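This report refers to the structure that appears directly beneath it.
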Amino acid sequence: MKKEHVLHCQFSAWYPLFRSLTIKSVILPLPQNVKDYLLDDGTLVVSGREDPPTCSQPDTDNDAEEIQWSDDENTATLTAPEFPEFTTKVQEAINSLGGSVFPKLNWSAPRDAYWIAMNSSLKCKTLSDIFLLFKSSDFITRDFTQPFIHCTDDSPDPCMEYELVLRKWCELIPGAEFRCFVKENKLIGISQRDYTQYYDHISKQKEEICRCIQDFFKKHIQYKFLDEDFVFDIYRDSRGKVWLIDFNPFGEVTDALLFTWDELLSGRNLKGDFSEEALEQDAPAFRCTNSEVTVQPSPYLSCRLPKDFVDLSTGEDAHKLIDFLKLKRNQQEDD
């Protein structure tokens with residue numbers, strides 16, 4: 001995977017080519033001061049909020065005494081910076097898209113931060129909603145700081161112009177989303193997007209779903225994207241119509257879901273499990289969660305906890321586990 005492959009998967013690079021196949025969106029240049037605010041590691045103070053209503057004047061001296069605050073000169077009030085011009089542009093764009101949007105940067109959406117929102121959703125109606133998600137997301141930070149982390153070429157990193165992408169909010173059913181892997185302009189694999197859940201209709205209709213996605217790929221995507229190796233996400237609605245959702249680089253930076261990157265890069269074990277007729281047509285490998293027994297926890301759940309807790313629970317860091325056991329032993333000895 002090269003840096004140019006990553007650049008070709010930026011939203012603004014592919015959206016003009018496939019506008020008619022995807023969800024209506026607005027792209028806004030991200031000012032440098034907004035980027036600096038999003039990357040600031042200080043206390044989370046969300047900008048873009050309206051001023052809270054002021055309290056009415058107390059009627060008695062007792063009331064006045066009760067609401068006195070510290071006069072300590074060292075007490076600092078945390079205030080978020082304001083971006084009035086950018087806020088106006090964002091709100092105009094949100095209104096033009098129906099009042100609710102799904103936000104993302106050049107590549108990533110803050111899927112790992114949905115839990116922090118008041119509605120536990122990525123649905124945003126104001127800039128403050130977007131800021132709260134972006135400042136809480138490791139995915140967004142990675143877009144800013146390590147966009148070319150898995151690239152193999154040694155050329156200097158290109159100068160990036162970051163963008164806020166606002167997509168019209170649509171209620172998408174997770175069981176209708178699929179990730180498609182393309183190598184040398186050939187569709188080699190299709191994976192259920194939400195692999196943590198079992199969807200009965202996918203198991204029953206997988207040949208039909210695969211054929212529908214193949215037809216969409218051959219008609220609209222094949223030989224039209226900027227690279228010959230890439231990953232694209234689609235949504236198949238209740239009428240069977242396929243919508244393009246996103247493009248991703250063909251490499252480890254993209255989640256392989258029910259495949260492994262060793263399989264995808266080498267081509268091993270990528271045989272379709274369909275009928276002989278489908279195999280003769282060179283059908284891609286299609287993978288889905290086949291039963292409730294194989295249901296897995298969401299990969300985003302770990303984003304709710306400190307990394308040390310996650311490492312302890314999964315046993316990924318033996319040193320942390322040893323330190324934790326020593327601490328528990330010392331506590332027992334003290335008791």
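Annotations for the structure displayed:
- Apportionment of accessible area to carbon and sulfur, the stretch 75-211, percent (1.4 Å): 50 percent
- Calculated accessible area for the stretch 174-287 comes out at 48 Å² per residue, all protein chains present (probe 1.4 Å; ligands, DNA, RNA ignored).
- Between Arg111 and Arg239, the simple spin-label model (points 7 angstrom out along Cα→Cβ) gives 2.6 nm.
- Taking 7 Å steps out from each Cα toward its Cβ at Gln146 and Glu228 produces label points 3.1 nm apart.
- Estimated distance in nm for a label pair at Glu207 and Glu171, the labels positioned 7 Å out from Cα along Cα-to-Cβ: 3.3 nm
- The figure for Leu30 is an accessible area of roughly 20 square angstrom, using a 1.4 Å probe on the protein chains alone.
- Hypothetical label at Lys218: residues of the stretch 238-252 whose amide nitrogen lies under 20 Å (7 Å Cα-Cβ projection): 240-244
- Pairs from Lys204/Lys241; Lys24/Lys125; Lys218/Lys241; Lys104/Lys183; Lys3/Lys135; Lys186/Lys224 whose Cα-Cα separation, in the structure shown, is over 20 Å: Lys104/Lys183; Lys3/Lys135
- Each DSSP beta bridge with both residues in the stretch 174-287 is either parallel or antiparallel, and the antiparallel ones are about 85%.
- Trp261/Ser128 FRET efficiency (R0 25 Å; Cβ-Cβ; nearest 0.05): 0.10
- Contour minus Cα-Cα distance for Lys2 and Asn119 (0.36 nm per residue): 38.3 nm
- Rounded if a/c under 1.5, otherwise prolate or oblate - the stretch 174-287, Cα gyration tensor axes: rounded
The values are calculated or read from the model by the stated rules, or taken from the named source; none is laboratory data. Just so we're clear, the structure is a prediction, and the values are computed from it rather than from any experiment. Neighbour counts run over all protein chains shown; Cβ positions are idealised from the backbone, glycine included. Just the protein is used for accessible areas: all its heavy atoms, side chains included, with ligands, DNA and RNA removed. Shrake-Rupley method; radii C 1.70, N 1.55, O 1.52, S 1.80 Å.
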